[in-house]
Amino acid sequence: SPAAASTPQAVSSSSSASADRKRKAATLVVAGDAGIWEDLAFAARLEEVARLEDLPPNPSSRGKKTKKWMLWMVHRVHLNDPSLVALDFSGAEMPLPHMEPRVAPKLMMALATNTHLTSLNLADSNLRKPQGSQLGEALRRNKTLEILNIESNHLDADRILVMTLALMENQDTALTTWRFDNQKDCPFFGQIVEEALAMLVTHRQQITTLGFQCKDQHFHKFIRNALAKNGDGERRARKVKAKQEKEQMKKEPKGRPKVLAKVTLSSEPSQAPWEVFDDGDFNLCLLRRYVSSKSMVPSLPQLNTCMKELGLPDASKKVSKALRDFRTALLNLYVNTQVILVEEETMEPYFGVLQSWSEKNERFTFDLRLRIGGQRVTFEATSRPAIEVSPEVARWIEPEAKRVADDGVASTFEEF
């Protein structure tokens with residue numbers, strides 16, 4: 001009855017429940033505050049690191065794009081880490097600049113002087129207008145960035161114009177691909193920006209891709225034709241360069257080959273995984289899953305151990321062939337791409353472009369063109385060298401969580 005609801009026992013029970021809710025809320029707040037303070041402490045420690053060798057280990061071992069990981073990656077850009085050639089913050093919500101200036105603002109400033117980063121993916125990363133202006137200033141000075149994706153952020157026509165004019169001023173820019181479509185506060189950029197972009201692709205003929213919606217039909221046609229012309233010129237230049245490098249390699253005396261200990265693949269390939277690996281091949285999916293979780297290509301004994309853990313029979317000849325084919329396809333992706341080769345005797349890393357590689361009877365040969373100096377260095381290995389991948393490549397190669405079984409019923413990977 002209503003009268004019973006106001007008894008001392010009911011009031012006491014209600015007060016107790018309210019106190020419990022407050023204690024739980026306080027516990028959650030304290031836990032949240034603890035995480036914030038931990039991030040702040042980590043950021044403060046990073047600011048004291050002035051040498052790459054003093055960097056703490058990757059705080060995100062599973063490749064998750066946490067705030068700590070973003071702080072760590074930005075500091076690597078700030079320190080001009082030679083091994084960091086691709087940075088992918090896509091889908092990661094960067095903190096607001098006034099809340100944490102050591103992520104987006106610091107990244108924009110670091111880009112101006114960084115000489116190793118070639119690919120930057122900031123799609124849907126909470127990039128704001130002030131950092132759009134900073135990015136324009138960085139693009140005015142940067143000479144190595146080739147691929148830039150800033151789609152699905154909070155930029156406007158003024159910031160895109162600032163970046164366009166900056167690229168016009170920078171005669172040494174290396175940018176070939178720029179995507180900036182689908183801004184959340186600015187679906188279209190207007191004729192002034194479109195005209196500036198038309199001038200940009202005319203003067204910067206290395207640009208072959210612009211990702212945005214051009215509304216003016218005149219500028220749309222002009223930009224499309226200019227990009228097609230630039231693409232044709234880039235293909236011709238690439239063929240000429242490849243021929244010249246091949247002839248140069250024949251002329252250069254071969255020095256004593258270095259013994260190869262390890263290959264590191266650090267930049268995400270431009271192709272989609274399904275273009276390289278058959279999603280319906282169980283063995284290839286198993287290998288992709290191993291690489292995505294371990295960040296390394298397995299040897300046959302390692303693959304056997306993995307299969308036992310999954311309750312599968314030991315690797316058969318078919319699986320062994322799949323491993324060789326997988327390794328070949330993966331390495332072929334990185335020909336004419338920057339890689340890191342590590343010498344066995346000194347464990348010294350060599351940064352450069354992989355010119356070619358070959359394998360015969362488990363004997364491997366790699367030809368590397370050094371990034372600095374341009375010398376040719378040959379590496380040899382009498383057994384399968386270790387092949388490691390960066391977190392970015394590990395995420396790229398990971399198979400989808402769902403597959404479709406032969407009977408047409410969707411199953412998880414483990415249920416095959």
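Annotations
- Residue in region 274-297 that is over 20 Å from R369 (Cα atoms), more than 26 Å from the chain's Cα centre (by Cα), at pLDDT 90 or above and aliphatic (A, V, I, L, M) present: no
- Pair list, Cβ < 9 Å and 6+ apart or interchain, from region 343-357 residues that are free of Cβ contacts under 8 Å to residues at least 60 places away in the same chain and under 22 Å from L333 (Cα atoms) to residues that are aromatic (F, W, Y) and in a loop (DSSP other than H, G, I, E, B): L354/Y334; W357/Y334
- When residues of region 52-68 are limited to those that are at pLDDT below 85 and open to solvent by 60 Å² or more (accessible area, probe 1.4 Å), the one nearest to the chain's Cα centre (by Cα): K64
- Across region 123-131, not a single residue is classified as over 21 Å from the mean Cα position of the chain (by Cα), free of Cβ contacts under 8 Å to residues at least 40 places away in the same chain and under 29 Å from Q271 (Cα atoms).
- Matching residues in region 162-197 - criterion: being more than 14 Å from A138 (Cα to Cα) and crowded, with 22+ Cβ neighbours inside 10 Å: W178, F180, Q183, F189, V193, E194, L197
- Candidates are the residues of region 221-233 that are open to solvent by 70 Å² or more (accessible area, probe 1.4 Å) and not charged (D, E, K, R); the one that is nearest to the chain's Cα centre (by Cα) is N225.
- Whichever residue in region 126-160 is among the basic types (K, R) and open to solvent by 60 Å² or more (accessible area, probe 1.4 Å) and, among such residues, is nearest to L84 (Cα to Cα): K143
- Filtering L117, L84, L148, L161 for residues that are farther than 21 Å from P391 by Cα and among the aliphatic types (A, V, I, L, M) leaves a single hit, L161.
The values are calculated or read from the model by the stated rules, or taken from the named source; none is laboratory data. Predicted, not measured: the structure shown is a model, and the values here were computed from it. No Cβ is skipped: glycine too gets one built from the backbone with ideal geometry, and neighbour counts run over all protein chains shown. Keep in mind that these areas ignore ligands, DNA and RNA; they rest on the heavy atoms of the full protein, side chains included. Shrake-Rupley method; radii C 1.70, N 1.55, O 1.52, S 1.80 Å.
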